[in-house]
Amino acid sequence: MKNKILIIFSSIFFMLNSCSSEDNAAASNLETPIANAAKDVNDAGFKAKWNYVSKSQSYLLDVSISGDFTTFVENYNSKEVTDLNEIVVGLNGGTQYFYRVRAKNDSQISGYSNVISVITTGSSTIPEDPTFLKVKANKLANPFFVGMAVKADQLVNGSKYDAILKNEFSSISAEYEMKMNPISTASGVYNWTAADKIVAYGNANGINVHGHALVWHNAVPTWLTNFSGTDVQFAAEVKKYITDVVTHYAGKVKSWDVVNEAVDDNTGELRNTIFLQRMGPNYVKDCFQWARDAANAAGDKNLLLFYNDYATSTNIPKQNKMFSIIDDLKTSNLIDGVGYQMHNTYLNPTKIQIETDINRAVAKGLKIHISELDIQVNPTNDITSFTNERRLAQKEKYKEIVKIYNAIPAANKYALTIWGMKDDESWIPYSTDLNHVGNDWPLLYDSNFALKSAHTGFLEGLD
Ligand code: GLA
């Protein structure tokens with residue numbers, strides 16, 4: 001019945017069109033149809049819809065699980081439909097699909113419509129790819145370390161965490177325990193217990209160890225905050241700390257974040273920290289010099305020194321200031337790489353923003369460390385559970401950043417580090433600075449150690 005109406009309508013349109021002198025010139029070209037949002041979405045399908053195209057007799061519908069239609073859902077590769085909608089069936093739940101249509105008449109086929117994305121309801125039954133991240137990364141023509149942020153008490157031989165860490169990751173960074181406040185308990189007095197455990201674990205298991213971080217304004221020990229000596233004596237304390245720590249781990253730690261987060265978000269100038277106040281604007285360079293001198297004195301000529309910061313892809317004044325610091329360090333041959341923290345969201349930064357930021361460091365011949373990657377799915381606190389839409393959006397964002405990283409030249413690659421293993425261990429849901437306490441799922445594993453689509457996205461980014 002519907003078909004008959006469509007044919008009658010088509011004929012009327014055809015007659016009207018053939019009477020119009022204006023349209024005669026374009027009479028041999030079929031218009032490109034416009035596809036509309038899907039209706040009646042359920043666990044196993046949806047209704048695909050599109051607009052009528054004059055002179056068409058039917059439409060060719062494509063459905064795919066990839067937005068570039070490299071493969072098609074079975075039976076939906078140019079499926080001929082003589083209506084303006086089609087109920088697509090036999091799909092998986094909780095899965096993202098894409099569709100597009102072309103108009104057709106006897107002799108002609110139009111161009112492709114716009115692409116519509118639709119996510120079926122229910123839970124995905126497609127298993128996540130269980131390939132180990134480092135195994136796939138190591139097979140690349142230009143491999144890089146896949147890193148994980150760890151805490152000393154997680155490193156229990158034989159535990160589930162330990163098995164995943166050894167299987168999947170080739171580098172570790174201490175989430176907290178290699179910062180100044182846990183290590184330095186008083187002037188010249190050190191508590192190495194947790195930091196030593198982390199470094200020894202990496203060394204014993206053939207896992208790269210990245211040191212994070214020598215100088216950070218949020219990890220200043222109380223004794224140094226309250227230091228009553230002169231500014232010169234304050235600087236001497238910082239120098240002693242850097243020297244002692246770099247010496248202690250010489251040959252055991254491959255790289256250090258020397259200074260973390262020195263640039264202010266609002267002014268695009270040096271952040272007004274105790275280090276700036278007490279040591280002056282040359283403090284960043286001094287710290288790098290002391291780290292380099294200590295490594296050389298300890299016989300470690302290969303230690304890589306990084307500057308590490310966040311939000312430089314979206315905050316351009318901040319990015320510019322970071323690169324002016326880097327240029328200054330580079331002139332004195334004191335810096336080897338840039339750490340981009342990348343505490344990102346499913347929306348931001350964009351691909352082009354990240355690429356532009358990273359390529360500035362690539363152009364300077366520096367190593368790139370994506371040093372603290374996590375991807376929030378609830379930055380505006382608009383969801384109360386981890387929805388399919390966000391799960392898939394997060395997957396795409398992980399895939400995107402891994403692709404960006406993998407595309408940089410071999411000489412610039414170092415590591416891409418994920419900031420925690422399980423969602424419930426991430427700092428994100430607990431941060432009171434962020435707007436969604438308790439509600440986020442930013443990592444590659446859920447709280448039961450089950451692989452998330454984010455992990456599959458990471459793997460797909462390596463293709
Ligand atoms: C910053 C620091 C990290 C860590 C996170 C929160 O990004 O660089 O060391 O403290 O905050 O986990």
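Quick rundown of the values:
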| read-out | value |
| --- | --- |
| Helices (runs of 4 or more DSSP H) enclosed by segment 216-324 - at least 2 residues per element that are surrounded by fewer than 17 Cβ atoms within 10 Å (Cβ to Cβ) and of a type in the set (S, T, N, Q) | 222-225, 231-248 |
| Residue match in segment 124-147 (condition: within 16 Å of the ligand (Cβ to nearest atom) and crowded, with 19+ Cβ neighbours inside 10 Å) | yes |
| All positions within segment 49-84 that are over 32 Å from the mean Cα position of the chain (by Cα) and part of a strand (DSSP E or B) | K49, W50, S58, Y59, L60, L61, K79, E80, V81 |
| Which numbered condition I109 misses (of (1) in the same structural domain as V402 (by TED's automatic domain parsing); (2) open to solvent by 10 Å² or more (accessible area, probe 1.4 Å)) | (1) |
| Residue in segment 169-179 that is away from the ligand (no atom under 16 Å from the Cβ) and either within 28 Å of F458 (Cβ to Cβ) or assigned to a strand (DSSP E or B) (or both) present | yes |
| Conditions (1) touching a residue at least 60 places away in the same chain (Cβ under 8 Å); (2) over 32 Å from the mean Cα position of the chain (by Cα); number of the one not met by T131 | (2) |
| Count of residues meeting criterion [buried (at least 17 other Cβ atoms within 10 Å of the Cβ) and away from the ligand (no atom under 16 Å from the Cβ)] in segment 358-388 | 11 |
| Subset tally (residues that are on the phi > 0 side of the Ramachandran plot and either away from the ligand (no atom under 15 Å from the Cβ) or outside the structural domain of A236 (by TED's automatic domain parsing) (or both)) for segment 253-290 | 2 |
| Odd one out for Y176 among (1) open to solvent by 50 Å² or more (accessible area, probe 1.4 Å); (2) among the aromatic types (F, W, Y); (3) touching a Leu at 6+ places or on another chain (Cβ under 7 Å) | (3) |
| Condition broken by I335, with the remaining ones in (1) β-branched (V, I, T); (2) under 9 Å from the mean Cα position of the chain (by Cα); (3) crowded, with 24+ Cβ neighbours inside 10 Å satisfied | (2) |
| Qualifying positions in segment 402-434 - open to solvent by 40 Å² or more (accessible area, probe 1.4 Å) and more than 16 Å from the ligand (Cβ to nearest atom) | K403, A407, P409, A410, A411 |
| Evaluation of V115 against (1) touching a Lys or Arg at 6+ places or on another chain (Cβ under 7 Å); (2) under 23 Å from L373 (Cβ atoms); (3) away from the ligand (no atom under 16 Å from the Cβ) (one fails), failing number | (2) |
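So that you can scan it fast, the table gives a plain yes or no per residue for (1) in contact (Cβ under 8 Å) with a residue 40 or more places away in the chain; (2) more than 17 Å from S124 (Cβ to Cβ):
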site: G45; (1), (2): yes, no
site: K49; (1), (2): no, yes
site: D68; (1), (2): no, yes
site: E74; (1), (2): no, yes
site: S78; (1), (2): no, yes
site: G93; (1), (2): yes, no
site: R102; (1), (2): yes, yes
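The values are calculated or read from the model by the stated rules, or taken from the named source; none is laboratory data. Note that this is a predicted model, so its numbers are computed, not measured. Quick reminder, even Gly has a Cβ in these numbers, built from the backbone with ideal geometry, and neighbours come from all protein chains shown. These area figures cover heavy atoms from the full protein model, side chains too; ligands, DNA and RNA do not enter into them. Shrake-Rupley method; radii C 1.70, N 1.55, O 1.52, S 1.80 Å.
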